[in-house]
1. For segment 56-89, enumerate the residues that are of a type in the set (S, T, N, Q) and within 21 Å of MET1 (Cα to Cα).
2. Which condition from (1) among the aliphatic types (A, V, I, L, M); (2) free of Cβ contacts under 8 Å to residues at least 12 places away in the same chain; (3) under 30 Å from GLY18 (Cα atoms) is the one that LEU80 breaks?
3. Going by the conditions given, is ILE34 exposed (fewer than 13 other Cβ atoms within 10 Å of the Cβ), in a helix (DSSP H, G or I) and among the aliphatic types (A, V, I, L, M)?
4. Return yes when LYS7 is at pLDDT below 95, charged (D, E, K, R), loosely packed, with under 13 Cβ neighbours inside 10 Å and in a helix (DSSP H, G or I) and no when it is not.
5. Collect the residues in segment 61-85 that are loosely packed, with under 13 Cβ neighbours inside 10 Å, of a type outside the set (Asp, Glu) and part of a helix (DSSP H, G or I), keeping them in residue-number order.
6. Can you tell me which condition LEU23 does not meet? The list is (1) touching a residue at least 40 places away in the same chain (Cβ under 8 Å); (2) more than 22 Å from ILE85 (Cα to Cα), and all the others hold.
7. Could you tell me whether any residue of segment 35-48 is closer than 20 Å to ASP81 by Cβ and of a type outside the set (A, V, I, L, M)?
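The values are calculated or read from the model by the stated rules, or taken from the named source; none is laboratory data. Since we're looking at a predicted model, the values are computed, not measured. Note: ideal-geometry Cβ built from the backbone for every residue, glycine included; neighbour counts use all protein chains shown.
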Amino acid sequence: MHKDIKKSVTRRLKIIEGQVRGLQSMVTKEKYCIGIIEQSLAIKRALSGVEDLLLKNHLSTHVLQQIKSGKQSKAIKEILDIYSISKKK
């Protein structure tokens with residue numbers, strides 16, 4: 001994994017961890033539902049950002065190497081698989 005991406009993903013995951021704890025606290029304290037939903041949506045967006053970084057890393061490392069080593073079909077299959085999974089959100 002690229003060092004800069006790893007650092008960014010790790011930082012973002014720590015932030016998300018705090019957001020999830022905050023969300024749990026909001027539920028426990030029976031905060032206003034709309035506020036809870038807004039926080040939940042913010043967490044989803046943050047996780048989507050992590051996924052984007054991980055995909056960027058994968059494309060620039062593993063996929064690139066697979067293509068260079070003649071394993072284009074494997075690279076294409078992986079990309080299509082993850083695309084298919086992402087559509088099932």
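1. ASN57, SER60, THR61, GLN65, GLN66, SER69, GLN72
2. (3)
3. yes
4. no
5. LEU64, GLN65, LYS68, GLN72, SER73, LYS77, LEU80, TYR83, SER84, ILE85
6. (1) is the only condition that LEU23 fails.
7. In the first step, residues of segment 35-48 are kept if they are closer than 20 Å to ASP81 by Cβ; the result is 47-48.
Now drop any that are not of a type outside the set (A, V, I, L, M), which leaves 48.
So far as segment 35-48 goes, yes, one or more of its residues are closer than 20 Å to ASP81 by Cβ and of a type outside the set (A, V, I, L, M).
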